[in-house]
Amino acid sequence: MFSDFTKEVDKDNIAFITWNCLDKSMNTMTGNGFKNFQQLIIEALSDETIKGIIITSGKVDFSGGMDLSTLEALKRNSGSNPASKIFEFIMEGHTLLRKIELGKIDDSSKAKPVAFAGGGVCAGIGTEIGLACHRRFFSSSKESKIGLPEILVGLFPGLGGTTRVPRMMGLMGASSVLLEGKLFASDKAKSIGLVDEVVAGDELIQKAKNWVLSASPQDLIKPWDQKGFKFPGGAPYHPSGFMSFVGASALVNGKTKGLYAAPKALLSSVYEGALVDFDSALKIEARWFTSVLMTDTCTNMARTLFLNKSALEKGQQRPAGAKETNLKQISVIGSGMMGSGIAFASLLNGLQVLLVDQNIEAAEAGKMKIEMLLNESVKRKKLSEEEKTKLLGHVKTVSSLERISGSDLVIEAVFEDLQLKQSLYQKIEPHLKEGSILASNTSTLPITKLSEVLKDRTRFIGIHFFSPVDKMNLVEVIKSQKTNERSLAVALDYISLIKKTPIVVNDSRGFYANRCIIPYINEGLRMLSEGIGPALIENSAKQIGMPVGPLQLLDELSVSLALNVAKETKAALGKDYEETGTESILLEMSQKKRFGRKELAGFYDYDNKGRRQKLWEGLKNLNIERKNADITSELVKNRLAYVQALEAVRAYEENILLSVEEGDVGGILGWGCLIWAGGPFSWLDHVGHENVLSECQKLFEQYGARFAPPKIIKELASSGSKFYN
Ligand code: NAD
């Protein structure tokens, strides 16, 4: 007996079908849940005494969408022909939603009105159920948002989304819903036609019921089921439709570089579907959706960005049995770019923040940065002016350390300087209250080394945020050799509270993310110093799906930072330091005062507002030996992809990275590494380890040890297995 859905009939003979997964905080659709829903809808539609149906939720949120593990299991357990099983499953879904849309189980019965009454988060299949209903009522609460985010995890809305939405709002209107995967606040959702009425949460059911009781037969016929329906904005062979479809195709290919299968399939589904009747269009959609699900890169992307990311967010790495923490106040020491961002994220999620800097002016300057971020939120209607003022009241600025004794967690984000940080810790430690922990946001300094000056080293940990903190959701948690489980639990509870995604790694220089980003940048610099054209380097990076090329990335980080990191690493490693072959070009750039975007001059030219214009012409005149200028774009792409993926594998082999799942989630959220393939480990699996091995051998012979195949790759190649089996 499945009970994700229940059916109740009220005194006016309205059937309420309520979604409430009792074992989960969020409604998600599973195979069994679907059967349950199907049975209740068919019962309600077949019952002649029932006047109408209202589909609603027993929770604040309507639904988070499909439980993607259901699709994964379906694919895995479908014997020799999984595509046909997946297709059948999707068609069953289409058939049911079509019954809802027609309001009857077959042509012989009379149509009943079906209303959707939802609120909170409504995503994916939850939204698609709503789209099949005759009228959608959505809660006006600030937390309510609705949309079809499937594209963001490598899939597309395959339960009628690509067939209904373009027929409701035209291709141009549909593109932000389907291709950008946005979730829309209630008013916006109404203005674009995703919902029909926005009402106060407590009136939702009554309003839906009033409508059901008064609906006319005409209200129950969707435009596409009426004679003479015209595709809004024009179907593909209409002059304006033609322009939109050609434009959308160019836009999608330009953005995705042809790497992502889902957006391409989505457009094909819309295009081909627009040329036929509605029911045939649903079949076309099901075929494209099946083809996407059968692509390993799409399912890998969904695995990383949905299943594994959610598991990490739910505390997969939290030590079992560690006591729940109840964080109320944190201290942030150093209110610069990172410190103010950390404070902002903490404030938004209900924490009180003590902002400490060298002097009160610096701390106040940090508070102003927070205010600017809050102003942005007000501008984007995420906060009201009153809420902003209230939140600002939760920040206290000080220049001395005594008051940190009220904090449950102290995060240090001062300059990246070992001595400075260590001397500060000695001053901080006496003020830490019982049970509170101290964390550093250092980006490169080993956590064990930093903690050496502390009396109690067990309560010290790395909590490494990425910049800008308000936009980047990954947080790397670094355990020193002494960090205890409680400190890890507090760090993870804090990250969960501020709604970010943690990965937990062991200590070493650069931890996981920076360890892999640095070789990527260095490879770009090496290629430049070999005389390879900068445009070829940057464009090849984009063609392997990197969000930014290595030279652009360095401009963002700054040449002086790169020189500093090289200097620190050299000092720390002594005779073990290996020359990267990039120093001379960095020095030349710094002599020419081309430090990066902040200085409006780097590998690129910038206008006075810091907007990137074009690659700097002067790169042609750098003092470099032009020995490899004839390299193919394929080789440039391979060098850029393998150099980071192999470093990720080494981090795993050395037990810095604790799981390939975290390696993929961290790779994608941390530096946008091979997103389309599901992250670096999934990409290596996709290429196949025999191919990886032979390519690495070639690169190793030509370019050196950084491409030497790691032992684990050799083992996977010889056993024919994968990181994810
Ligand atoms: P920043 O220069 O913007 O800010 C540093 C702040 O620390 C300044 O406000 C400074 O006044 C303050 N400070 C210095 N000495 C202090 C002291 N003794 N007591 C109190 N405050 C003091 O630097 P940032 O970019 O915010 O970096 C801070 C830390 O975060 C560094 O360890 C850096 O490696 C790390 N980090 C930076 C980034 C990044 O992209 N900028 C990303 C991840 C981690």
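The values are calculated or read from the model by the stated rules, or taken from the named source; none is laboratory data. Note that the structure is predicted; figures quoted are calculated from it, not measured. Please note: Cβ atoms are built from the backbone with ideal geometry, for glycine as well, and neighbour counts cover all protein chains shown. These accessible areas exclude ligands, DNA and RNA; they are computed on the full protein's heavy atoms, side chains included. Shrake-Rupley method; radii C 1.70, N 1.55, O 1.52, S 1.80 Å.
Checking the structure you have, find out if any residue of the range 197-220 is closer than 28 Å to Phe87 by Cβ and either modelled with pLDDT under 95 or out of contact with any His (no Cβ under 9 Å at 6 or more places or on another chain) (or both).
The answer is no, given that none of the residues of the range 197-220 is closer than 28 Å to Phe87 by Cβ and either modelled with pLDDT under 95 or out of contact with any His (no Cβ under 9 Å at 6 or more places or on another chain) (or both).
Please specify each residue of the range 195-228 satisfying the condition of being touching a residue at least 40 places away in the same chain (Cβ under 8 Å), closer than 22 Å to Met172 by Cα and not in a helix (DSSP H, G or I).
Val195, Asp196, Lys222
Mind checking which pairs have a first residue in the range 341-368 that is among the β-branched types (Val, Ile, Thr) and a second that is part of a helix (DSSP H, G or I), Cβ under 7 Å, 6 or more apart or different chains?
Filtered contacts from the range 341-368: Val353/Ala343; Val353/Ser346; Val353/Leu347; Val356/Ala363; Val356/Ile404.
Only residues that are open to solvent by less than 40 Å² (accessible area, probe 1.4 Å) and more than 12 Å from the ligand (Cβ to nearest atom): list them for the range 355-372, please.
Ile370
Using beta carbons and a limit of 7 Å, which pairs, at least six apart or on different chains, have the first residue in the range 120-144 and over 14 Å from Ile205 (Cα atoms) and the second one of a type in the set (Asp, Glu)?
Gly120/Asp61; Gly120/Glu143; Val121/Asp61; Gly124/Glu150; Ala132/Glu101; His134/Asp219
Would you mind stating whether Lys314 is farther than 25 Å from Leu492 by Cα and modelled with pLDDT under 95?
no
Restrict the check to the range 32-41 and report whether at least one residue is assigned by TED's automatic domain parsing to the domain that holds Lys85, aromatic (Phe, Trp, Tyr) and assigned to a strand (DSSP E or B).
Within the range 32-41, not a single residue is assigned by TED's automatic domain parsing to the domain that holds Lys85, aromatic (Phe, Trp, Tyr) and assigned to a strand (DSSP E or B).
Failed condition for Lys381, given (1) modelled with pLDDT under 95; (2) open to solvent by less than 60 Å² (accessible area, probe 1.4 Å), with all others met?
Status for Lys381: all satisfied but (2).
Tell me whether the range 631-638 contains one or more residues that are under 15 Å from Asn539 (Cα atoms), modelled with pLDDT of 95 or more and among the basic types (Lys, Arg).
yes
Please tell me if Leu716 is without any contact (Cβ under 8 Å) to a residue 40 or more places away in the chain and either part of a helix (DSSP H, G or I) or crowded, with 18+ Cβ neighbours inside 10 Å (or both).
Against the criterion (without any contact (Cβ under 8 Å) to a residue 40 or more places away in the chain and either part of a helix (DSSP H, G or I) or crowded, with 18+ Cβ neighbours inside 10 Å (or both)), Leu716 qualifies.
Is it true that some residue in the range 425-440 is of a type in the set (Ser, Thr, Tyr) and in a strand (DSSP E or B)?
yes
Return the residues of the range 562-573 that are buried (at least 16 other Cβ atoms within 10 Å of the Cβ) and of a type outside the set (Gly, Ala, Ser); say none if nothing qualifies.
Within the range 562-573, Leu563, Val565, Glu568, Thr569 meet the criteria.
I'm trying to understand the selection: among the residues of the range 440-452, which are within 13 Å of the ligand (Cβ to nearest atom) and over 25 Å from the mean Cα position of the chain (by Cα)?
Residues satisfying the conditions are Leu445, Pro446, Ile447, Leu450.
Please go through the range 586-639 and pick out each residue that is more than 24 Å from Lys257 (Cβ to Cβ), open to solvent by 80 Å² or more (accessible area, probe 1.4 Å) and in a loop (DSSP other than H, G, I, E, B).
Lys592, Lys593, Asn608, Lys609, Asn623, Glu625, Arg626, Lys627
Rundown of residues vs (1) on the phi > 0 side of the Ramachandran plot; (2) open to solvent by 40 Å² or more (accessible area, probe 1.4 Å); (3) not β-branched (Val, Ile, Thr), yes/no style:
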| position | (1), (2), (3) |
| --- | --- |
| Ser3 | no, yes, yes |
| Val9 | no, yes, no |
| Met26 | no, yes, yes |
| Thr49 | no, yes, no |
| Ile55 | no, no, no |
| Lys59 | no, yes, yes |
| Thr70 | no, no, no |
| Asn77 | no, yes, yes |
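Residues of the range 384-394 being in a helix (DSSP H, G or I) and either open to solvent by 100 Å² or more (accessible area, probe 1.4 Å) or in contact with a strand residue (DSSP E or B) (Cβ under 9 Å, 6 or more places away or on another chain) (or both), which ones?
Glu386, Lys390
If Leu102 satisfies every condition in (1) more than 24 Å from the chain's Cα centre (by Cα); (2) closer than 19 Å to Gly193 by Cα but one, which is the exception?
Leu102 satisfies every listed condition except (2).
So if I check each of Gly321, Gly341, which one is on the phi > 0 side of the Ramachandran plot and among the small types (Gly, Ala, Ser)?
Gly321
Please specify each residue of the range 147-173 satisfying the condition of being of a type in the set (A, V, I, L, M) and touching a residue at least 60 places away in the same chain (Cβ under 8 Å).
Scanning the range 147-173 gives Ile151, Leu152, Val153, Leu155, Leu159, Met168, Met169, Leu171, Met172.
Take Gly406 and tell me if it is at pLDDT below 95 and either open to solvent by less than 30 Å² (accessible area, probe 1.4 Å) or within 25 Å of Glu324 (Cβ to Cβ) (or both).
It is true that Gly406 is at pLDDT below 95 and either open to solvent by less than 30 Å² (accessible area, probe 1.4 Å) or within 25 Å of Glu324 (Cβ to Cβ) (or both).
Out of Gly663, Gly688, I need the residue that is open to solvent by less than 10 Å² (accessible area, probe 1.4 Å) and modelled with pLDDT of 95 or more. Which one?
Answer to the selection: Gly663.
What do you reckon, is Asn375 within 11 Å of the ligand (Cβ to nearest atom) and surrounded by fewer than 17 Cβ atoms within 10 Å (Cβ to Cβ)?
For Asn375, the condition - within 11 Å of the ligand (Cβ to nearest atom) and surrounded by fewer than 17 Cβ atoms within 10 Å (Cβ to Cβ) - is not met.
I'd like the full set of residues that are part of a helix (DSSP H, G or I) and within 35 Å of the chain's Cα centre (by Cα), limited to the range 42-81.
Matches in the range 42-81: Leu68, Ser69, Thr70, Leu71, Glu72, Ala73, Leu74, Lys75, Arg76.
Residue by residue, here is whether (1) more than 19 Å from Gly610 (Cα to Cα); (2) under 26 Å from the mean Cα position of the chain (by Cα); (3) not acidic (Asp, Glu) holds:
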{"residue": "Pro519", "(1), (2), (3)": "yes, yes, yes"}
{"residue": "Leu525", "(1), (2), (3)": "yes, no, yes"}
{"residue": "Ser529", "(1), (2), (3)": "yes, no, yes"}
{"residue": "Ile532", "(1), (2), (3)": "yes, no, yes"}
{"residue": "Ser540", "(1), (2), (3)": "yes, yes, yes"}
{"residue": "Gln543", "(1), (2), (3)": "yes, yes, yes"}
{"residue": "Met546", "(1), (2), (3)": "yes, yes, yes"}
{"residue": "Leu551", "(1), (2), (3)": "no, yes, yes"}
{"residue": "Glu556", "(1), (2), (3)": "no, yes, no"}
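Starting from residues that are part of a helix (DSSP H, G or I) and either over 27 Å from Lys449 (Cβ atoms) or in contact (Cβ under 8 Å) with a residue 24 or more places away in the chain (or both), keep the ones in the range 574-585 and report whichever is least open to solvent (accessible area, probe 1.4 Å).
For the range 574-585, the residue satisfying everything is Ile585.
Filter the range 662-702 for residues that are touching a Lys or Arg at 6+ places or on another chain (Cβ under 7 Å) and among the charged types (D, E, K, R) and give the result.
Asp685
If you take the residues in the range 318-346 that are closer than 16 Å to Gly406 by Cβ and assigned to a helix (DSSP H, G or I), which one is farthest from the ligand (Cβ to nearest atom)?
Out of the qualifying residues, it is Ser346.
Assuming Leu266 fulfils every condition listed in (1) in contact with a Phe, Trp or Tyr (Cβ under 8 Å, 6 or more places away or on another chain); (2) within 16 Å of the ligand (Cβ to nearest atom) apart from one, which condition is it?
Here Leu266 meets the rest and fails (2).
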